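This report refers to the structure that appears directly beneath it.
The values are calculated or read from the model by the stated rules, or taken from the named source; none is laboratory data. Computed from a predicted model, the values in this text were never measured in an experiment. Note that we place each Cβ from the backbone using ideal geometry, even for glycine, and neighbour counts take in every protein chain shown.
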């Protein structure tokens with residue numbers, strides 16, 4: 001950081017789960033000195049996985065050196081991992097960022113860019129096992145901190161994650177003030193999680209997600225081939 005400015009970049013892309021990044025954005029944008037960059041190839045509307053229209057604010061070529069890179073997940077993650085230009089940008093930005101962060105299946109994107117080799121990471125519980133394929137160490141915690149890698153679990157974990165990132169950047173007192181200001185005191189209507197859900201409900205969700213998970217696994221396998229199979233490293237092809 002320079003002159004008290006904190007440069008925070010969120011990857012926006014078609015098919016993203018917007019809460020993965022807009023939850024953290026709501027918190028981190030309020031940090032003193034924060035400058036937010038919603039990053040994509042072009043300044044043009046993109047559509048989230050549930051049809052919400054979002055507008056990036058900066059292109060990859062306009063992006064400054066980041067203090068925080070944050071990548072979320074969503075069904076669009078699979079196509080994204082086959083996009084050489086995007087993965088090259090993620091690899092380059094992540095190499096120089098002070099903190100490299102993700103929410104949900106955004107950790108698979110970071111791992112596919114070679115940024116999580118040997119790091120512990122969270123992910124959505126349905127896809128957590130794929131982290132190991134990409135060289136990361138899957139962790140079941142809602143928030144995982146491993147050196148300068150910070151990750152959150154699925155979707156709503158991004159808000160918890162954001163307060164942890166805020167504390168890392170500006171101290172616990174600032175993060176607590178923001179948590180109070182935003183009235184973050186969750187009371188879920190149902191006490192249910194992967195750890196204690198009925199087996200038949202877990203099986204039903206896994207069965208419904210099976211086609212998407214198969215596609216995600218194929219994209220992870222292609223990423224592994226690029227990282228370890230002799231394909232030139234995309235990180236060295238960014239101008």
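Would you mind finding the one in 105, 136, 111, 97 that is in contact with a helix residue (DSSP H, G or I) (Cβ under 9 Å, 6 or more places away or on another chain), farther than 19 Å from residue 215 by Cα, at pLDDT 95 or above and buried (at least 19 other Cβ atoms within 10 Å of the Cβ)?
Working: 105 fails: farther than 19 Å from residue 215 by Cα; 111 fails: farther than 19 Å from residue 215 by Cα; 97 fails: in contact with a helix residue (DSSP H, G or I) (Cβ under 9 Å, 6 or more places away or on another chain).
Sole residue among the options that is in contact with a helix residue (DSSP H, G or I) (Cβ under 9 Å, 6 or more places away or on another chain), farther than 19 Å from residue 215 by Cα, at pLDDT 95 or above and buried (at least 19 other Cβ atoms within 10 Å of the Cβ): 136.
For residue 5, indicate whether it is surrounded by 23 or more Cβ atoms within 10 Å (Cβ to Cβ), out of contact with any helix residue (DSSP H, G or I) (no Cβ under 8 Å at 6 or more places or on another chain) and modelled with pLDDT of 95 or more.
No, not satisfied.
Can residue 216 be described as within 27 Å of residue 15 (Cα to Cα), surrounded by 10 or more Cβ atoms within 10 Å (Cβ to Cβ) and under 16 Å from the mean Cα position of the chain (by Cα)?
yes
Just to verify a result, which residue in region 112-137, among those that are in contact with a strand residue (DSSP E or B) (Cβ under 7 Å, 6 or more places away or on another chain) and outside any loop (DSSP other than H, G, I, E, B), is farthest from residue 203 (Cα to Cα)?
Per the criteria, the residue is 120.
Residue check, residue 88 against (1) buried (at least 23 other Cβ atoms within 10 Å of the Cβ); (2) touching a helix residue (DSSP H, G or I) at 6+ places or on another chain (Cβ under 6 Å); (3) on the phi < 0 side of the Ramachandran plot, all met but one. Which one?
All conditions are met except number (1).
Please verify whether residue 11 is crowded, with 16+ Cβ neighbours inside 10 Å and within 15 Å of residue 100 (Cβ to Cβ), treating the condition exactly as stated.
It is true that residue 11 is crowded, with 16+ Cβ neighbours inside 10 Å and within 15 Å of residue 100 (Cβ to Cβ).
Counting just the residues of region 164-214 that are touching a strand residue (DSSP E or B) at 6+ places or on another chain (Cβ under 9 Å) and touching a residue at least 60 places away in the same chain (Cβ under 8 Å), which one comes out farthest from residue 29 (Cα to Cα)?
Among those residues, the one meeting the criterion is 168.
Taking region 181-197 on its own, how many of its residues are surrounded by 10 or more Cβ atoms within 10 Å (Cβ to Cβ) and farther than 29 Å from residue 126 by Cα?
Residues flagged as surrounded by 10 or more Cβ atoms within 10 Å (Cβ to Cβ) and farther than 29 Å from residue 126 by Cα within region 181-197 amount to 2.
Collect the residues in region 141-158 that are farther than 14 Å from residue 99 by Cβ and either out of contact with any helix residue (DSSP H, G or I) (no Cβ under 7 Å at 6 or more places or on another chain) or surrounded by fewer than 20 Cβ atoms within 10 Å (Cβ to Cβ) (or both), keeping them in residue-number order.
Matches in region 141-158: 141, 142, 153, 154, 155, 156, 157.
Yes/no per residue for (1) more than 21 Å from residue 154 (Cα to Cα); (2) surrounded by 16 or more Cβ atoms within 10 Å (Cβ to Cβ); (3) free of Cβ contacts under 8 Å to residues at least 24 places away in the same chain; (4) touching a strand residue (DSSP E or B) at 6+ places or on another chain (Cβ under 7 Å):
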position	(1), (2), (3), (4)
17	no, yes, no, no
35	yes, no, no, yes
44	yes, no, yes, no
49	no, yes, no, no
67	yes, yes, no, yes
79	no, no, no, no
92	yes, yes, no, no
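Can you spot a residue in region 21-33 that is under 29 Å from residue 224 (Cβ atoms) and in contact with a strand residue (DSSP E or B) (Cβ under 8 Å, 6 or more places away or on another chain)?
Yes, region 21-33 contains at least one residue that is under 29 Å from residue 224 (Cβ atoms) and in contact with a strand residue (DSSP E or B) (Cβ under 8 Å, 6 or more places away or on another chain).
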